[in-house]
Amino acid sequence: MAAPSPNLELRPLGNTGLKVSSVGFGAAPLGRVFGPVSEDEAIASVREAFRRGINFFDTSPYYGGTLSEKMLGKGLKALGVPRNEYVVSTKCGRYIEGFDFSAERVTRSIDESLERLQLDYVDILQCHDIEFGSLDQIVNETIPALQKLKEARKIRFIGITGLPLGIFTYVLDQVPPGTVDVILSYCHYSINDSTLEDLLPYLKSKGVGIISASPLAMGLLTENGPPEWHPASPELKSVCQAAAAYCKEKGKSITKLAMQYSLSNKDISSVLVGMNSVGQVEENVTAAIELAKFGKDQETLAEIEAILSPVKNQTWPSGIQKS
Ligand code: NAD
């Protein structure tokens, strides 16, 4: 395996001491969440990602009912490189059978994940979509259980993920500093929704690493459009499709524009994009490298922002709490 390309920027992840690639590999698509993908293509995508400088890989037992973790595990093993050359995050508390953030379940969960990933430890274990649980249980039971997993060296860092931004302030205001190392927000720093931006100063003041996922808004900002299960309103879907069609007509790539938009904010340590083919890896890494060399395509971006303005910052409900 060739050494990772020096061209893809590495950014510090909060106070963890880790340096993660600006483009992170989202492995949800390896669980066939976004359509079919063969095992060979999954392994080849992971290989191509690492070869092009991506060192950060994110998965969950929930994605494809454990399939994503298994596929990622095979892909990472096939790299044949020392374990400290890549950073792996997985999650706990959300499963195909439902949610369970109890200490007992998350403690068992990491052992199951490590087996599927064929690893001795993960760098980050994140409580997955905590708005579906009791946030007080997350603070008082789940996170303390994860601290024990840290002591047992099964995980290095603790994270929380979810959609409503209020969950992050709720938890971070209650736990002692340094307890939660990273947060993962999704669908809130892309061209159609940039509401994470207002929270960045607070998150930085707490010293947490900031991961922003779904720069393509889970497929809304792609030519093929989103999968069936996408929770956006019909209006949001149709306006995003109009934006994608406009780009195509102009000979521009909506995915490149969207990647570059999310990558531009350096307070975000890594932009996690879901990928399931060698071609997508190549395109998304190239978008980052071209951004560093040439900057954003301001003209097309302004046109796309104008098309998206009627739905700017429109989101959808998630979880059992009010955000
Ligand atoms: P995304 O916005 O990254 O979009 C993924 C979709 O875009 C897939 O269909 C993928 O095949 C396609 N795609 C990627 N690159 C493309 C390209 N160059 N051209 C055309 N299509 C392209 O959405 P996502 O996968 O949901 O989010 C990224 C990752 O972030 C996930 O895989 C997961 O690891 C993580 N994530 C975590 C949470 C959470 O913890 N709650 C939520 C969402 C995402």
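Readers should treat all values here as calculations from the given coordinates under stated rules, not as data from a laboratory. As the structure is a prediction and not an experimental result, all values here were calculated from the model. As a convention, Cβ positions derive from the backbone with ideal geometry for all residues, glycine included, and neighbour counts pool all protein chains shown.
For the chain, what does the helix formula give at 222 nm: sum of -39500 (n - 2.57) over DSSP H segments with n ≥ 4, over the residue count, nearest 500 deg cm²/dmol?
Numbers: 10 runs with 117 residues, N = 323.
Estimated from H runs of four or more residues: -11000 deg cm²/dmol.
Within the shell of other residues whose beta carbon sits under 12 angstrom from the beta carbon of Thr300, the net charge comes to 0, with Lys and Arg scored +1 and Asp and Glu -1. Under the rule a/c < 1.5 gives rounded, and otherwise a/b versus b/c splits prolate from oblate, where does the range 279-323 land using the Cα gyration tensor? In terms of gyration-tensor shape, oblate. Amide H to amide H, with H built 1.01 Å from N, Arg11 comes under 5 Å of Val20, Ser21, Ser22, counting only residues 5 or more places away or on other chains. In units of the compact-protein estimate 2.2 N^0.38 Å, the range 207-295 shows a Cα radius of gyration of 1.11.
Each 10 Å bin, from zero up to the one with the longest distance, holds this percent of the alpha carbon pairs of the range 93-200: 14, 47, 30, 8, 0. In order along the range 102-118, the Karplus-derived 3J(HN,Hα) couplings, from 6.51 cos²θ - 1.76 cosθ + 1.60 at θ = phi - 60°, round to 5, 4, 4, 5, 6, 5, 6, 4, 5, 5, 5, 5, 4, 5, 5, 7, 6 Hz, and Gly and Pro are given as x.
Starting from the coordinates of the alpha-carbon atoms of the chain, obtain the Kirkwood hydrodynamic radius over all distinct pairs and give the value in Å to one decimal.
Numbers: mean 1/r = 0.0510 Å⁻¹.
Kirkwood hydrodynamic radius for the chain: 19.6 Å.
Looking at the square roots a ≥ b ≥ c of the eigenvalues of the Cα gyration tensor of the range 78-124, which shape do they give, rounded for a/c under 1.5, prolate if a/b is larger than b/c, or oblate?
Values: a/c = 2.66, a/b = 2.46, b/c = 1.08.
Prolate shape, in that a/c is at least 1.5 and a/b is the bigger ratio.
Which entries of Lys154/Lys256; Lys77/Lys154; Lys248/Lys296; Lys252/Lys312; Lys266/Lys312; Lys206/Lys296 show an alpha-carbon separation above 25 angstrom in the structure shown? Please report the intermediate quantities before stating the final value.
Numbers: Lys154/Lys256 36 Å; Lys77/Lys154 18 Å; Lys248/Lys296 17 Å; Lys252/Lys312 21 Å; Lys266/Lys312 22 Å; Lys206/Lys296 30 Å.
Lys154/Lys256; Lys206/Lys296, as the Cα separations exceed 25 Å there.
For Lys250, go through the aspartates and glutamates and keep the ones whose alpha-carbon is under 14 Å away, minus same-chain ones fewer than eight residues off. Qualifying aspartates and glutamates at Cα under 14 Å: Glu223, Asp297, Glu299, Glu303. For the peptides 290-301, 262-273, the ranking by packing is 262-273, 290-301, with the highest mean count of neighbouring Cβ atoms within 10 Å listed first. Compute the distance from the alpha-carbon center of the range 27-56 to that of the range 140-208, in whole Å. Cα centroid of the range 27-56 versus Cα centroid of the range 140-208: 25 Å apart.
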